[in-house]
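First up is the structure itself, then whatever we jot down about it.
Nothing in this text is a laboratory measurement; each read-out follows from the coordinates by a stated rule. Because the structure is a prediction, the values reported are computed rather than measured. Here Cβ is always computed from backbone atoms with ideal geometry, including for glycine, and neighbour counts include all displayed protein chains.
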Amino acid sequence: MIVFDVVLMVTLWVLAVGAVSQADLFKSVVLFVTMGVVVAVAWARLGAADLAMVEVAVGAGITGALFLNTLGHLEQRPGERGEGEDTSHL
Amino acid sequence: MEGVREALAVGVMVLGALFFVAGSVGMLRFPDVYTRLHALTKADNLGMGLLVFGLSLQAPGWQLVLKLVLIWIFVMIAGAISCHLVAREAYRQGVKPEQGGDL
Amino acid sequence: MIVVAALVLGSFSAALIRIWRGPSGADRMMGAQLFGSSGAATVLVLAAMLEDWSLIDVALVFASLAAVTVVAFVERTERASMPQ
Amino acid sequence: MAVGVFWRVVFFAALWWIWAGDKPASWWFGAPAVLSAAFMAARRVGDESHRVRMRGLGMFLIYFVRASFQGGVDVAWRAMSPRMRLRPGFIEYPLRLDARRAPAVFFANIISLLPGTLSVELGETSVMVHAIDLEAPVEAQLQELERRIAAMFVAGEGA
């Protein structure tokens, strides 16, 4: 059981640090979604079924979808205006 | 009798977990997006099925068994749909598959 | 039972490598998908291990929402690649 | 139409019952949810519904469980063997089912769960399939699947 907990904790750490320190926004969003899943597993491990459910639905499901949508809009911008302004730093 | 059932359940679940591992190994070793999708979808589907079967043997009521089967069906639907969508997306973006030969 | 949990969790880290290395967006999404299904599996094993059967409901939510992010991903790339 | 709504209500009620258990109070939420889900589903599909033959369904389930077992074992074996035996490639499979209707969509989704095949794109008259081993009899396998699906569905009143 202790092995399980340690692996869970390390995965959580790696994902959390990875999600905020990415230059590539898409990668960052995917890492965030994955972190939502692992957080939910952690809640389940702690016996908090209700929290785990909310975490999956909100953290991994809805927020991930909204982030991806936002990213789509951000990437669409320069092409729409057609002025070729440099948004590559995004 | 109870002991046999318990042992069977654990055995089936270990087998299911092995399929999960095999799927992940395939996902790391296979050469391109399409073959990786093969590994992921099929191995996970079967692993989940075995896990659900093993748990059903231990579940305290048959309503839980129905719920477990429902989970399996949902995972299967989600797996099939997302697998198809990812493959189609890769195809439309022009990701080239590895061709022929032993890789 | 602990063996089962450890094995399933082991496939977690494999998905992590795939997300990290890419190379394409589709590969990363695939990694997230694996996290979804093996997450559900882990919760199921936990339910049996802790004998807390209410965790089954968590796995059910996992399973029914597994496709949402993938669909959002596909919609996004489809819109981004559409000719203006 | 009315018959279709009835069966959908039964279906969603069963789903709710599995999900929420048999506590009577849960139906205060369940009944409206079931009814609205059934009506939404019926409106979405219109009268283009297909009947499903019970016998065909049973046969198909047995076939499906066996085939998905084979699929999992097959791909796990390939992944684990030290020298991976892969001969991947695309195959264009001509559809005999009508691509705009439910059975073809069902077909395309099931392909991904069967040994060695993965559906890539559902076109007007064909499905693009990715096979993991081109030397396996992919074509014959797909034909068998298509035949079984055709046997399961009966064209509804909309046909």
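The dipole here belongs to chain D: it is taken about the Cα centre, uses +1 on the Cβ of Lys and Arg and -1 on the Cβ of Asp and Glu, and is about 400 debye.
Working from label points 7 Å from Cα in the Cα-to-Cβ sense, the A:ASP24 to B:ARG29 distance is 2.4 nm. Which listed residue (B:VAL10, B:GLN93, B:ILE73) has the Cα farthest towards the positive end of the charge dipole for chain B, taking +1 on Lys and Arg C-beta and -1 on Asp and Glu C-beta about the Cα centre? Going by the Cα projections, it comes out as B:GLN93.
Both radii were evaluated on the Cα set of chain B; the Rg over Rh quotient, with Rh as the Kirkwood radius, amounts to 1.11. Here, the protein assembly as shown has an Rg and a Dmax of 21.7, 75 Å when only alpha carbons are counted. Label positions at C:MET1 and A:VAL7, each projected 7 Å from the Cα along the C-beta direction, are separated by 1.7 nm. Using only Cα atoms, tell me the angle between helix B:33-58 and the longest principal axis of chain B; keep it within 0 to 90° and round to the nearest 10. Relative to chain B, helix B:33-58 is tipped by roughly 0 degrees. For chain D, the membrane-span-like helices by this rule, meaning whole DSSP H stretches whose C-alpha atoms cover at least 30 Å of axis and whose Kyte-Doolittle mean is -0.5 or above, are D:54-80; this says nothing about an actual membrane. Of the peptides B:57-66, A:48-57, B:79-88, the order by per-residue mean of other Cβ atoms within 10 Å, starting with the highest, comes out as B:79-88, A:48-57, B:57-66.
Sorting the segments D:111-118, C:27-34 by their mean number of nearby beta carbons within 10 angstrom, highest to lowest, gives C:27-34, D:111-118. Amide H contacts for D:VAL127 (H built 1.01 Å from N in the peptide plane; partners 5 or more residues away or on another chain; cut-off under 5 Å): D:TYR93, D:LEU95. Taken over the stretch D:2-45, the ratio of Cα radius of gyration to 2.2 N^0.38 Å equals 1.13.
Subtracting the Cα-Cα distance of D:ALA20 and D:MET54 from 0.36 nm times their residue separation leaves 9.6 nm of extension gain. Could you name the lysines whose alpha carbon sits less than 26 Å from that of D:LYS23, not counting residues in the same chain fewer than 8 places away? Correct list for D:LYS23: B:LYS67. A cut-off under 10 angstrom between Cβ atoms defines the neighbours of B:PHE19, and their net charge, with Lys, Arg +1 and Asp, Glu -1, is 0.
Of the chymotrypsin sites (Phe, Trp or Tyr not before Pro) found in the stretch D:86-129, none is in coil by DSSP with at most 10 other Cβ atoms within 10 Å of its Cβ. Relative to the longest principal axis of the Cα atoms of chain C, the long axis of helix C:68-81 lies at roughly 10 degrees. Distance from the alpha carbon centroid of the stretch A:7-24 to that of the stretch D:57-84 works out to 34 angstrom. Note on D:28-39: average number of Cβ atoms from other chains within 10 Å of each residue's Cβ is 0. Going by neighbour counts of Cβ atoms within 10 Å, the residues A:ASP24, D:ASP133 line up, fewest first, as A:ASP24, D:ASP133. Sorting D:VAL129, B:VAL14 from the fewest to the most surrounding beta carbons within 10 angstrom yields B:VAL14, D:VAL129.
Other residues lying with their Cβ under 13 Å from the Cβ of D:ARG66 contribute a combined charge of -1, Lys and Arg counting +1, Asp and Glu -1. Diagonalising the gyration tensor over the Cα atoms of the stretch A:32-71 and scaling each eigenvalue by 5 before taking the square root yields semi-axes of 21, 9, 4 Å, largest first. Enter the angle in degrees (range 0 to 90, nearest 10) between the Cα long axis of helix B:62-92 and the first principal axis of the Cα atoms of chain B, meaning the one along which they spread out most. Orientation of helix B:62-92: about 0 degrees from the principal axis.
What the phi angles of the stretch A:33-41 give under the Karplus curve with 6.51, -1.76 and 1.60, with θ = phi - 60°, is a coupling list of 4, 4, 4, x, 4, 5, 4, 4, 4 Hz, glycine and proline written as x. Taking every residue in B:46-58 and counting other chain Cβ atoms within 10 Å of its Cβ, the average works out to 5. Relative contact order for chain C: 26 percent, from Cα pairs under 8 Å spaced at least 6 residues apart, divided by residue count.
Within 10 Å of the Cβ of each residue in A:10-19, the mean number of Cβ atoms contributed by other protein chains is 2. Roughly speaking, what is the centre-to-centre gap between the stretch B:58-82 and the stretch B:3-29 when only Cα atoms are used, to the nearest Å? Between the Cα centres of the stretch B:58-82 and the stretch B:3-29 lies a distance of 17 Å.
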